[in-house]
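Every read-out reported here was derived from the displayed coordinates using simple, explicitly stated rules and does not represent laboratory data. All of these numbers come straight from a predicted model, not from anything done at the bench. Cβ atoms come from the backbone with ideal geometry, glycine included; neighbour counts cover every protein chain shown.
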Amino acid sequence: MATMVRVMATGVFDILHLGHLHYLRQAKKLGDELVVVVARDATVRRMKHEPVTPEEMRRELVAALKPVDRALLGHEGDIYRTVEEVRPDVIALGWDQTFDAADVEAECRRRGVPAEVVRLERLHGDLDGTTKIINKVLSLWSLQKNLERIEGRPPEE
């Protein structure tokens, strides 16, 4: 009987976009089961920005994606606590995640989880990142407001 290969992917997943889907599809190809760890709101605030979407909503959206077998919220503080609980065979890092693959692999082994750490490729596209999407929305909103001002129209709500 063949052994199931469990893959773990992690991320914020705030404003889901094609880059997220590309990352999760690539991660799923590395094994049989894909477990996705969604960052807690407090972690997102500390590491990136104020989350647009609350943690439980982000977890539920990720869980509904086809490549994902299970989605759970991570732990605040010690990220390796989740690794110890999930016990993945492979950890898939996104192209833009700041973790050093060798450091993650070494810490996992130190904790008794001999996971292989794989850095995945970037998707090149127009709206492949949360920041790109936010910037485009803000740009379109600004353009709309300028047109309303120039044309003398009342602002739309």
- Item | Under Karplus coefficients 6.51, -1.76 and 1.60, residue-wise ³J(HN,Hα) of the range 12-17 in Hz, glycine/proline x | 7, 6, 8, 6, 4, 8
- Message: Only four residue types carry charge here, +1 at the Cβ of Lys and Arg and -1 at the Cβ of Asp and Glu. Report the dipole size of the range 1-108 about the Cα centre in Debye, rounded to the nearest 20.
- Response: 400 debye
- Message: For a quick check: with amide H placed at 1.01 Å from N, whose amide H comes under 5 Å from R119's, ignoring anything fewer than 5 positions away on the same chain?
- Response: L93
- Note on the structure: In terms of the charge dipole of the range 14-54, which places +1 on Lys and Arg and -1 on Asp and Glu at the beta carbon, the residue among V38, H17, H49 farthest towards the positive end is H49
